[in-house]
Amino acid sequence: MRQKQIELWVKRDDLIHQVISGNKWRKLKFILQHALKIGSHTIISMGGAYSNHLHALAYVGYRLKLNTVGYIRGERPDQLSATLQDLQRWGMELRFVSRTHYRELRCYKKHDELPGIEEGQYWLPEGGATELAMQGIAELVAEIDMDYDAICLPCGTGATMAGLIGAVSGEKQIIGFAALKGAGFLVNEVENLVVDGKQRQNNWTIKLDYHFGGFAQRSNELLLFIKQFEQENGIELEPVYTGKMFYGLFDLIKKDAIKPGGKIIAIHTGGLQGNRA
Ligand SMILES: *Cc1c(COP(=O)(O)O)cnc(C)c1O
């Protein structure tokens, strides 16, 4: 960092709240407002057994006295993960579904599109990827009161990335780091979510080579990096998203793939509950 004259700042969205942290709160905020406004009593969504999205949703439901239902990918495990135990404790109804069924659920994007949905029920697609989520991400950008050259973030569904593209001004660079292996499809996903007219801006890229073998893989190299990062900076990371982003960012800086002398903001998107897995 010092050799390359790069200034790295971290936007600590992990500090928003102990449970609903990071981009999950950003994405949920306006969706919840909408759901409440139209009189919903139940919010239904989907995610994996370690999902930060369902974790945030279940907690919010518990606090706001809304019913929540989570479609969980895969069979019910004998021993529920710490995340699933929390969901249950906060009153979320867990519905375990096959991978095929789960994939089908991805087709429903609008809040009333889920087949069989009833009055008062509100469907929230995977990762909370909706237009309303984009507004929450825009608030994150509006809070940054310093000048910068590039902004970095980890990508899962790409919804947060799409929000940034819509909200960050065009001369700044946006660099996403994919958590999934083979995430080339993300570019399309992001383009579909970005507000009209901003898709073709060429100020954003998604780095696909820092997945460390896949979504939930934990390589020793990555874990070692995270430990060192925590010791040096006093900022906790997790291996699914934020660890990969910082690893990738440091690697790009080392390789001079990032212009020396610049100011970079990395968004800590939270997700630390996943560290219990
Ligand atoms: C969900 C999540 C992401 C990915 O966000 P998307 O909007 O799905 O791309 C990144 N970081 C953390 C910590 C997350 O929980």
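Taking the criterion of being assigned to a helix (DSSP H, G or I) and more than 11 Å from the ligand (Cβ to nearest atom), the residues of segment 118-153 that qualify are 131, 132, 135, 138, 139, 140, 141, 142, 143. Restricting 141, 187, 194, 168 to those that are open to solvent by 30 Å² or more (accessible area, probe 1.4 Å) and among the hydrophobic types (A, V, I, L, M, F, W, C) reduces the list to 187. Residue 161 - would you say it is touching a Cys at 6+ places or on another chain (Cβ under 7 Å) and either within 25 Å of residue 61 (Cα to Cα) or buried (at least 21 other Cβ atoms within 10 Å of the Cβ) (or both)? Taking the combined requirement at face value, the residue satisfies it. Within segment 54-61, the presence of a residue that is within 14 Å of the ligand (Cβ to nearest atom), within 19 Å of the chain's Cα centre (by Cα), farther than 17 Å from residue 273 by Cβ and of a type in the set (A, V, I, L, M) is excluded. Among the residues of segment 239-261, those identified as closer than 30 Å to residue 24 by Cα and assigned to a helix (DSSP H, G or I) are 242, 243, 244, 245, 246, 247, 248, 249, 250, 251, 252, 253.
Within segment 1-45, the residues that satisfy the criterion of being aliphatic (A, V, I, L, M), outside any helix (DSSP H, G or I) and away from the ligand (no atom under 16 Å from the Cβ) are 1, 6, 8, 38, 43, 44.
With respect to residue 114, is the statement that it is surrounded by 13 or more Cβ atoms within 10 Å (Cβ to Cβ), in a helix (DSSP H, G or I) and touching a residue at least 12 places away in the same chain (Cβ under 8 Å) true? Answer is no for this residue. Within the option set 169, 219, being without any contact (Cβ under 8 Å) to a residue 24 or more places away in the chain and farther than 24 Å from residue 144 by Cα holds for one residue only, 219.
The values are calculated or read from the model by the stated rules, or taken from the named source; none is laboratory data. Please read these numbers as outputs of a predicted model, since none were measured by experiment. Counting neighbours? That spans all protein chains shown, and the Cβs are built from the backbone with ideal geometry, glycine included. Quick note on the areas: whole protein, heavy atoms, side chains included, nothing else; ligands and nucleic acids left out. Shrake-Rupley method; radii C 1.70, N 1.55, O 1.52, S 1.80 Å.
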